[in-house]
Structures are given as structure tokens and as C-alpha cells.
Amino acid sequence: MPVDHPPARPPLFILTSKASPQARLRSALAQAATIVDDDCVHVIEGATPADAIVESLFDARLARRWSKYPPVPAEVAAYATHRLAWQALLDGGGPSALVLEDDFVVLDGRALRRMLAAACDLLSERRDIVKLFDLPGERERGRSFTRTIAGIEIVKREHVRAGLVGYLISRDGAARFLSRGRIFRVVDEDIKHHWELGLDIWSVPQNLVADASAELGGSLIENARTTTRRRSVWRSLKGNLLAAHRNWRTRGAFDQWLRQQEARRRG
């Protein structure tokens, strides 16, 4: 008689770089040890602002058109580092991965372990990402749809909130992200434009991880970002127009998703 084996838990990728203080990686490894075995943990040493990949990955023309503030090199490097984790998932052949930035801290280890055990179910039915962290400062907007999968509640928001400190991602989700050959927004903004890549993004109702960068040497991006973000009337107008366009497309994408769910329910 065949024996049923529990599904393998997804690998855990910790995103770091040479520009990141060693204290971050030490903290991240200690935090990871509370939720998975050591052999599941893989460190992704990503890009720094000075690396050649930053220039080759960044599309300045599209950034001028579609970004209120074009990404600074540190932001492009951060995006490139996430892409390395997605490529590692594809190269590894597994169905999913847990991706964590090196400034994460676990808020609820028990719930996180349950999510890892249920990763295949949570990322079934073509769900691409389940975010473990939504930026606390962003207000709740628009409609939402809640489901319980394997006893775990997840929510699909009409307006995806920023924050990629930690997330489960499917193999298909990684491939969809990587189908964009060059980038022109920060990664937190690209997830808000999920309909461009056909991504289905969900979140947990309460954060299971948090951003501990303030306790680990501060943000690696904030200083570089602040020095380039001068306000102007034109930039404010452009930002409003881009936001209006995003909101219009977001509403349309959510309406389409609701119609698909209703059609599926009716059989």
C-alpha cells in the first residue's frame, strides 16, 4: 500500500547583499531558525547599487513615463535581489518558496509554520503570492474578499498594499514577475500594478513578520531616496494622473476577478 508523505516545505530565501550590515544577516538567520530547519534556509546575496546589473535592469525611459519618482540605484538593486530569489525558485524546480528580506522579524512563529506546511494549498487555484506583511501605514481601501484555505484565513484586496518583507510565492508567480525583462518602478509599486503581469496577490489579515530595519542599522534605501525626491507642481500632477490610471485599472481587474469567481461558482 502506498504511503502518503507530507508535502515538502518550501525553501526559505533570505535576501541580503554586501551593502547590508552583517547584523541583519545574523538576525535573519536566527529568526529563520525559529520556523524552519537549517537545511531549508538559503541566503541570496543580491545586488548593490554599484553592480552592473542595476544599470542593465533599469529602463530609464519607461521610468520617466510611468513613475512619479524613478527608482534610485538602491531601489533597483533591491528589486534585482528579489528577482534572484524568484530565479532560484525556478532553477530549484520546487512549486513555491518563502522569501524574506534580511531585516525581517517573526511576529507569530506558530502561524507562520502552519502557513509553510499549507503552502501548496495556499498557492493553489492559481494564487501567485500570499504576503506575510502589509505596510502598516497604508489605509485599507476598496473591496476585499476573504477565504479560508487549510484552516488559514487569507484576504484578496482590491488595492494591494506595499510591503515585501516576507511572502510566499508560487513557481508561476516567479515566472510572471521575471517575464518583465527590465524594470521601471520599485518592487513595492509593481505589486500594486499586479494586473500588468497577471499576478493574483493575497495577504494574511494580520502581519506575521515585521520590518525591523530601524533596530538593525536603519533603511538602506531611505537616505538615497530622500535626496532625489524634490517636490514640484509638475511631479504632483503627474503622480495624481498615474494614481488615477492605476485605480481605474485596479477596479477593472478586481471586477474581472469577481466575475471569474462567480462563473466558477456556477460551474
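Quick notes on this structure:
- Distance between modelled label sites at K68 and W248, nm, 7 Å Cα→Cβ extension: 1.8
- When the chain is treated as a GNM with alpha-carbon contacts under 10 Å, the residue of R26, R161, R61 showing the greatest mean-square fluctuation is R61.
- Within a Gaussian network of the chain (alpha carbon springs, distance under 10 Å), most fluctuating of D172, D211, D38: D38
- Per-residue ellipticity at 222 nm from helix content only, as computed over the chain with -39500 (n - 2.57) for each DSSP H run of at least four residues, stands at -12500 deg cm²/dmol.
- A simple charge model with +1 on the Cβ of Lys and Arg, -1 on the Cβ of Asp and Glu and nothing else charged puts the dipole of segment 12-266 at about 1460 debye relative to its Cα centre.
- Heavy-atom accessible surface of segment 12-266, averaged per residue, reaches 49 Å², computed with a 1.4 Å probe.
- Other residues with beta-carbon under 13 Å from the beta-carbon of L12 carry, at +1 per Lys or Arg and -1 per Asp or Glu, a net charge of -3.
- Calculated FRET efficiency for the pair L178/D38, C-beta based, R₀ 25 Å, to 0.05: 0.35
- Mean Cα-pair separation over length for the chain, i.e. relative contact order, pairs under 8 Å, 6 or more apart, %: 24
- Projecting the Cα atoms of L12, T48, W257 onto the dipole axis of the chain, where Lys and Arg carry +1 and Asp and Glu carry -1 at the beta carbon, places W257 farthest toward the positive end.
- Near A63, once Lys and Arg are set to +1 and Asp and Glu to -1 for all other residues with Cβ below 11 Å from its Cβ, the sum equals +3.
- Computed E for E138/S236 - FRET, C-beta separation, R0 22 angstrom, nearest 0.05: 0.70
- Gain on full stretching of the segment that runs from L197 to R114 - 0.36 nm per residue minus C-alpha separation: 27.0 nm
- With every protein chain in place, the chain: carbon and sulfur % of accessible area (1.4 Å): 52
- The 1.4 Å probe gives accessible areas that order F133, F58, largest first, as F58, F133.
- Counting lysine pairs in the chain that sit 8 or more residues apart in sequence, or on different chains, and whose Cα atoms lie under 24 Å apart gives 6.
- Percent RCO, i.e. relative contact order, over segment 110-229, from Cα pairs under 8 Å lying at least 6 residues apart: 34
- In Å², nearest 10: area of L258 left accessible to a 1.4 Å probe: 60
The values are calculated or read from the model by the stated rules, or taken from the named source; none is laboratory data. From a predicted model like this one, the values you see are computed outputs, not experimental measurements. Every residue, glycine among them, receives a Cβ derived from its backbone with ideal geometry; neighbour counts consider all protein chains shown. Heads up: the accessible areas ignore ligands, DNA and RNA and are worked out on the full protein's heavy atoms, side chains in. Shrake-Rupley method; radii C 1.70, N 1.55, O 1.52, S 1.80 Å.
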